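The values are calculated or read from the model by the stated rules, or taken from the named source; none is laboratory data. This structure is a prediction, so every number in the text was calculated from the model and none was measured. Backbone-built Cβ (ideal geometry, glycine too); neighbour counts: all protein chains shown. In case anyone asks, the SASA skips ligands and DNA or RNA and just uses the protein heavy atoms, side chains included. Shrake-Rupley method; radii C 1.70, N 1.55, O 1.52, S 1.80 Å.
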Amino acid sequence: MKFSQLIDKDVFIKGFKVGKIKDIIVDSENWKVTHLELELSKEASESVLGIKPALLESARNKLAISALEKGSACCTDSGIELKVSKGQLGIYLRPL
């Protein structure tokens, strides 16, 4: 899959919209993708992180790639499905 195909894809956990992919973070030492930069949905910001996003701006966080299933299991027509539960999501998110 090309990077360009991931940009603006929705990210879900069992139907719960976590957010939208805005960028991809690469470890330049090892040339490996380490994180996805997400624009979190309002619901994810409030329920997972306990923060209210700014009125005109969505919260952005980086999501560790380890939260995704390997292979095509994570990628659906509607977006990217995470392998972690909603309760575990906070472990995989970090501020930018």
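Is the range 58-74 home to any residue that is in contact (Cβ under 8 Å) with a residue 60 or more places away in the chain, aliphatic (A, V, I, L, M), in contact with a Ser or Thr (Cβ under 8 Å, 6 or more places away or on another chain) and not in a helix (DSSP H, G or I)?
no
Based on what the data block shows, is E37 surrounded by fewer than 16 Cβ atoms within 10 Å (Cβ to Cβ) and in contact with a Lys or Arg (Cβ under 6 Å, 6 or more places away or on another chain)?
no
Mind telling me which of the residues E81, E46, E29 ends up being part of a loop (DSSP other than H, G, I, E, B) and either open to solvent by 50 Å² or more (accessible area, probe 1.4 Å) or in contact with a Cys (Cβ under 8 Å, 6 or more places away or on another chain) (or both)?
Result of the check over E81, E46, E29: E29.
Just need a number here: residues in the range 1-16 that are under 14 Å from C74 (Cα atoms), of a type outside the set (A, V, I, L, M, F, W, C) and open to solvent by 60 Å² or more (accessible area, probe 1.4 Å).
Selection size over the range 1-16: 3.
Out of (1) surrounded by 13 or more Cβ atoms within 10 Å (Cβ to Cβ); (2) within 16 Å of L96 (Cβ to Cβ); (3) at pLDDT below 90; (4) not basic (K, R), what's the single condition that is false for C74?
(2)
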